[in-house]
1. Within segment 51-69, how many residues are closer than 20 Å to GLN92 by Cα and surrounded by 18 or more Cβ atoms within 10 Å (Cβ to Cβ)?
2. Applying the selection to segment 2-49, what residues are in contact with a Cys (Cβ under 9 Å, 6 or more places away or on another chain) and within 30 Å of HIS184 (Cα to Cα)?
3. Within segment 249-263, can one find any residue that is at pLDDT 70 or above and open to solvent by less than 10 Å² (accessible area, probe 1.4 Å)?
4. What's the number of the only condition in (1) over 15 Å from the mean Cα position of the chain (by Cα); (2) more than 19 Å from ASN19 (Cα to Cα); (3) polar (S, T, N, Q) that GLN83 fails to meet?
5. For segment 74-121, give me each residue that is in a loop (DSSP other than H, G, I, E, B), in contact (Cβ under 8 Å) with a residue 40 or more places away in the chain, surrounded by fewer than 18 Cβ atoms within 10 Å (Cβ to Cβ) and not small (Gly, Ala, Ser).
6. Has segment 199-214 got at least one residue that is at pLDDT 75 or above, farther than 29 Å from LEU154 by Cα and not in a loop (DSSP other than H, G, I, E, B)?
7. Conditions: (1) part of a loop (DSSP other than H, G, I, E, B); (2) open to solvent by less than 40 Å² (accessible area, probe 1.4 Å); (3) without any contact (Cβ under 8 Å) to a residue 40 or more places away in the chain. GLU27 meets all but one. Number of the miss?
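The values are calculated or read from the model by the stated rules, or taken from the named source; none is laboratory data. What you see is a predicted model; the values in this text were computed from it and never measured. Heads up, the Cβs are rebuilt from the backbone with ideal geometry, glycines too, and the neighbour counts pull from every protein chain shown. Keep in mind that these areas ignore ligands, DNA and RNA; they rest on the heavy atoms of the full protein, side chains included. Shrake-Rupley method; radii C 1.70, N 1.55, O 1.52, S 1.80 Å.
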Amino acid sequence: MEAYRASNHPGRTRAATWNELYSSRVEPAEITHAARYTFESELRIGTLGPIRVIRLICGHSSIDRTARHIDSRSARSFTVLLQARGTGLFAQYGHESPLRSGEFSLCDSAAPHSYRLDENSEVVMLRIPENILSEYLPSPENVCGRHLLAAQGLTPAVTALTLSLCDRLEGGLPAEFCARVARHLMELLATAYALEFDSKPAGPSVISGRHAQVKLYIEQHLRDPQLTPSMIASRHKLSTRYLRMVFAVGGGNDLRVHPAPPARGMRAPDFGSALARPFDQ
């Protein structure tokens, strides 16, 4: 595995150098440390079949990925976040997940998010291409920002397997076993999410997936004065009627969480409601 330590860099340039390193080796983001010149952080990176495994050890800090860090031309991926030690707060898609040791959340690389980490934190990130994860977890964006609790369902089994595989990777795991083990891990993870969330009320998976995609698009274009239901429908190759049906099923007031001023002078709660109204209104 690749290994990097912040302490290898002088204090006055440490924060900037670590930001550049994280952005180039993990994904573009802004990292802010409570102790800007004296912080300690460690990053280890390896691969497990199609999964990129990232192990981050750090102190009190935050990771923010905003719209300016996201390139629409880049391949979309999802990252499983395991809070292996310490506590954190992950936020995406309007959900906030307080994470304790042994708890998971899921992150969409194509959407803004934030991750606040407390002192003595360790996080394991499993970065999986969208086309591969979707084979195991249809519409993964539906669970982004939501968390699997440490003591529920299969979460303890997923945690134990993830940490064991990290240790094996650092010690040297034969390449011929990596793809097989990765499939087993993704199957177990998908089952854990299914046990936790599939029994809860939700729209059909196709509609739920459309809802998440449209919601993300609106979130990224709230300040565009041309943003209208017709424009959104055209951008996603949908009819306006179908778009409103998607929001009616997915929750017309689902956009209340967005902080930016929406289009046309509407409040965020009203925009989703407008989409959910009957076609002739």
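1. 5
2. The answer is GLU42, LEU43, ARG44, GLY46, THR47, LEU48, GLY49.
3. Quick first cut of segment 249-263, residues at pLDDT 70 or above only: none.
No, every residue in segment 249-263 fails to be at pLDDT 70 or above and open to solvent by less than 10 Å² (accessible area, probe 1.4 Å).
4. Only one criterion is unmet by GLN83, namely (1).
5. Passing the criteria: ARG76, ARG100, ASP118, GLU119, ASN120.
6. There is at least one residue in segment 199-214 that is at pLDDT 75 or above, farther than 29 Å from LEU154 by Cα and not in a loop (DSSP other than H, G, I, E, B).
7. (3)
Results for (1) within 30 Å of THR66 (Cβ to Cβ); (2) of a type in the set (Gly, Ala, Ser), shown as yes or no for each residue.
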site	(1), (2)
GLY88	yes, yes
LEU99	yes, no
PRO112	yes, no
ARG168	no, no
PHE177	no, no
ARG180	no, no
